[in-house]
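The values are calculated or read from the model by the stated rules, or taken from the named source; none is laboratory data. Fair warning: this is a prediction, and the values are worked out from it, not measured in the lab. Here the Cβ positions follow ideal geometry from the backbone for every residue, glycine too, while neighbour counts run over all protein chains shown. We work out accessible area using only protein heavy atoms, side chains counted, and drop any ligands, DNA or RNA first. Shrake-Rupley method; radii C 1.70, N 1.55, O 1.52, S 1.80 Å.
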Amino acid sequence: MDLLDIITIPDKTLRKTSEPIERFDDDLQRFLDQMLATMYDAPGIGLAAVQVGVPRRLITIDVAAKESEEDEEREPTRDPIFLINPEIVWRSDEVSTYEEGCLSIPEYYAEVERPAKVRFRYLDREGNQHEREAEGLLATVVQHEVDHLDGKLFIDHISKLKRDMVIKKFTKASKQGTKPAL
Ligand code: NI
């Protein structure tokens with residue numbers, strides 16, 4: 001399967017608001033499979049369509065491998081989730097902090113505080129509606145990816161000083177065709 005190219009900051013497409021999906025056809029199925037393969041190849045645990053330059057409300061997530069990595073007793077597993085037109089309908093007051101990264105900001109990590117639990121509504125790849133609650137890593141990933149659909153990045157949740165530094169380094173590196181010195 002052809003993998004998709006992941007765009008990185010400062011590409012302006014990442015700041016676009018993604019449009020909802022209305023048609024559940026073969027092209028959509030194929031694209032979701034390509035997104036998932038691209039995410040696994042990266043490797044990453046979440047990918048929004050806008051990160052491959054397609055500003056539509058589509059997300060792939062798989063935290064199973066990451067969670068099994070933390071528990072040595074468990075075999076690495078795959079448990080992909082496809083979120084189409086997702087909406088976070090409830091956020092807990094309780095917060096949790098994770099060190100986040102993003103395939104569009106490669107090799108940069110920072111601690112981000114977000115609601116510890118969320119409830120979200122979405123359509124699956126067949127167009128059926130679901131509502132589910134998440135906590136822990138999955139809650140963080142869902143919030144991170146839904147942010148992408150609204151043109152938001154995890155660095156928008158850190159201090160302006162740190163954010164400006166990261167953007168500056170990636171901008172300089174992209175002009176020079178080099179890797180950012182993080
Ligand atoms: Ni991301």
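Values as computed for the structure displayed
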| quantity | calculated |
| --- | --- |
| Region 79-149: proportion of alpha-carbon pairs further apart than 13 angstrom, % | 66 |
| Sequence-distant residues sharing a close amide H with residue 4 (under 5 Å, placed H) | 38 |
| Considering only the chain, percent of DSSP beta bridges that pair antiparallel, nearest 5 | 95 |
| Cα-Cα over 24 Å, subset of 66/162; 16/160; 66/179; 16/66 | 66/162; 66/179; 16/66 |
| The chain: C-alpha gyration tensor shape, a/c 1.5 cut-off, then a/b vs b/c | rounded |
| Nonlocal amide H pairs with residue 98, under 5 Å, H built at 1.01 Å | 112, 114 |
| Debye, to nearest 20: dipole size of region 12-176, +1 on Lys, Arg Cβ, -1 on Asp, Glu Cβ | 1260 |
| Simple label model, 7 Å out from Cα along Cβ direction - residue 163 to residue 131, nm | 3.2 |
| Of all accessible heavy-atom area on the chain, the percent that carbon and sulfur account for (1.4 Å) | 45 |
| Neighbourhood net charge (13 Å Cβ-Cβ; Lys/Arg +1, Asp/Glu -1) for residue 117 | 0 |
| Computed FRET value (nearest 0.05) for residue 171 with residue 16, which takes r as the C-beta separation and R₀ as 25 Å | 0.90 |
| For the chain, built as a Gaussian network whose Cα springs stay under 10 Å, the top-fluctuating residue of 119, 57, 132 | 132 |
